[in-house]
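K.L.:
Please see the structure below; I have some questions.
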Amino acid sequence: MRLQASFDGGRPPLVFQWIPADGLDDSYVLQPTAAPDRTTAYTLSITDSLGSVVSDGVVVNVAEQFLVTAISDQTIRRGEVATLGVEILGGVRPYTFLWSPDTDVDDPTSEQPTVAPRATTTYRVTVTDAEGRVEGDEITVSVVGPPQPPGPCGTGVAMMLPFGLFFLALGKLTNARRLRRDALATRDQ
């Protein structure tokens with residue numbers, strides 16, 4: 001960025017000096033190019049041949065780093081949901097979020113939306129900070145296999161053995177006749 005300075009008056013020759021010189025291509029010219037690595041306040045002093053000095057200053061603001069990283073790719077079974085998220089380094093709060101594609105996303109403007117894709121999908125998050133800077137990243141949710149089949153009461157697996165129908169529920173093998181008998185006994189009470 002070129003520092004813009006001007007003056008009126010004074011007796012030539014004139015001497016220009018910018019302080020500090022850090023980040024300037026030349027600290028002894030009227031309009032140097034500044035590229036500081038942090039916010040810096042510069043002061044320009046102009047001295048004429050009679051020794052008269054005038055000074056003024058300018059601040060060059062260096063924006064804080066702004067980096068957006070989507071939290072790791074995920075794998076789910078068909079019919080399940082995944083929660084997306086981001087890590088943000090720097091920038092100026094508040095942030096706004098936009099996830100795309102927005103199909104199967106519960107809230108595409110949320111920092112951590114829930115998604116239920118029917119097929120493997122790559123989601124892109126675009127984050128804008130309060131200063132209007134925009135960064136983004138992508139996350140892939142891989143969808144594998146058929147949905148997990150529900151068992152009795154939503155958990156477990158039913159299986160037919162030669163001696164009756166059994167349910168494998170919560171790690172215990174249970175006879176279907178006993179379940180039915182217990183259910184009827186409870187209903188009759």
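The values are calculated or read from the model by the stated rules, or taken from the named source; none is laboratory data. Quantities reported herein were computed from a predicted structural model and do not represent experimental measurements. So basically every Cβ, Gly included, is an ideal-geometry build from the backbone, and we count neighbours across all protein chains shown.
K.L.:
Would you point out which residue out of 82, 34 is closer than 27 Å to residue 130 by Cβ and touching a strand residue (DSSP E or B) at 6+ places or on another chain (Cβ under 8 Å)?
P.N.:
That would be 34, the only listed residue that is closer than 27 Å to residue 130 by Cβ and touching a strand residue (DSSP E or B) at 6+ places or on another chain (Cβ under 8 Å).
K.L.:
Go through 44, 67 for me and flag whichever is within 16 Å of the chain's Cα centre (by Cα), part of a strand (DSSP E or B), of a type outside the set (Ser, Thr, Tyr) and modelled with pLDDT of 95 or more.
P.N.:
Matching residue, one of 44, 67: 67.
K.L.:
Mind listing just one residue for me: the one in the range 74-105 that is among the basic types (Lys, Arg) and either in a strand (DSSP E or B) or closer than 30 Å to residue 63 by Cβ (or both) and, of those, nearest to the chain's Cα centre (by Cα)? Spell out the reasoning first.
P.N.:
Step one: of the range 74-105, the residues among the basic types (Lys, Arg) are 77-78, 93.
The next check asks that each one be either in a strand (DSSP E or B) or closer than 30 Å to residue 63 by Cβ (or both); those that pass are 77, 93.
Numbers: 77: 25, 93: 12 Å.
So the residue we want is 93.
K.L.:
A further question on this structure: Just one of (1) surrounded by 12 or more Cβ atoms within 10 Å (Cβ to Cβ); (2) within 20 Å of the chain's Cα centre (by Cα) trips up residue 30, so point out which.
P.N.:
(2)
K.L.:
Kindly establish whether residue 49 is more than 30 Å from residue 140 (Cβ to Cβ), free of Cβ contacts under 8 Å to residues at least 12 places away in the same chain, outside the structural domain of residue 111 (by TED's automatic domain parsing) and not in a strand (DSSP E or B).
P.N.:
The answer is no for residue 49.
K.L.:
Taking the options 77, 2, 11, 38, name whichever one is exposed (fewer than 13 other Cβ atoms within 10 Å of the Cβ) and touching a residue at least 60 places away in the same chain (Cβ under 8 Å). Walk me through it before giving the result.
P.N.:
Working: 2 fails: touching a residue at least 60 places away in the same chain (Cβ under 8 Å); 11 fails: touching a residue at least 60 places away in the same chain (Cβ under 8 Å); 38 fails: touching a residue at least 60 places away in the same chain (Cβ under 8 Å).
Result: 77 is the single residue among 77, 2, 11, 38 that is exposed (fewer than 13 other Cβ atoms within 10 Å of the Cβ) and touching a residue at least 60 places away in the same chain (Cβ under 8 Å).
K.L.:
Still on this structure, please answer the following. Would the range 87-96 turn up any residue that is surrounded by 13 or more Cβ atoms within 10 Å (Cβ to Cβ) and outside the structural domain of residue 109 (by TED's automatic domain parsing)?
P.N.:
No, that holds for no residue.
K.L.:
Next question. Looking at the range 106-144, which of its residues are in a strand (DSSP E or B), without any contact (Cβ under 8 Å) to a residue 40 or more places away in the chain, within 19 Å of residue 69 (Cβ to Cβ) and not basic (Lys, Arg)?
P.N.:
Answer for the range 106-144, where residues must be in a strand (DSSP E or B), without any contact (Cβ under 8 Å) to a residue 40 or more places away in the chain, within 19 Å of residue 69 (Cβ to Cβ) and not basic (Lys, Arg): 115, 121, 122, 126, 128, 134.
K.L.:
State all residues of the range 24-35 that are touching a residue at least 24 places away in the same chain (Cβ under 8 Å), of a type in the set (A, V, I, L, M) and assigned to a strand (DSSP E or B); if no residue qualifies, say none.
P.N.:
The one that is touching a residue at least 24 places away in the same chain (Cβ under 8 Å), of a type in the set (A, V, I, L, M) and assigned to a strand (DSSP E or B): 34.
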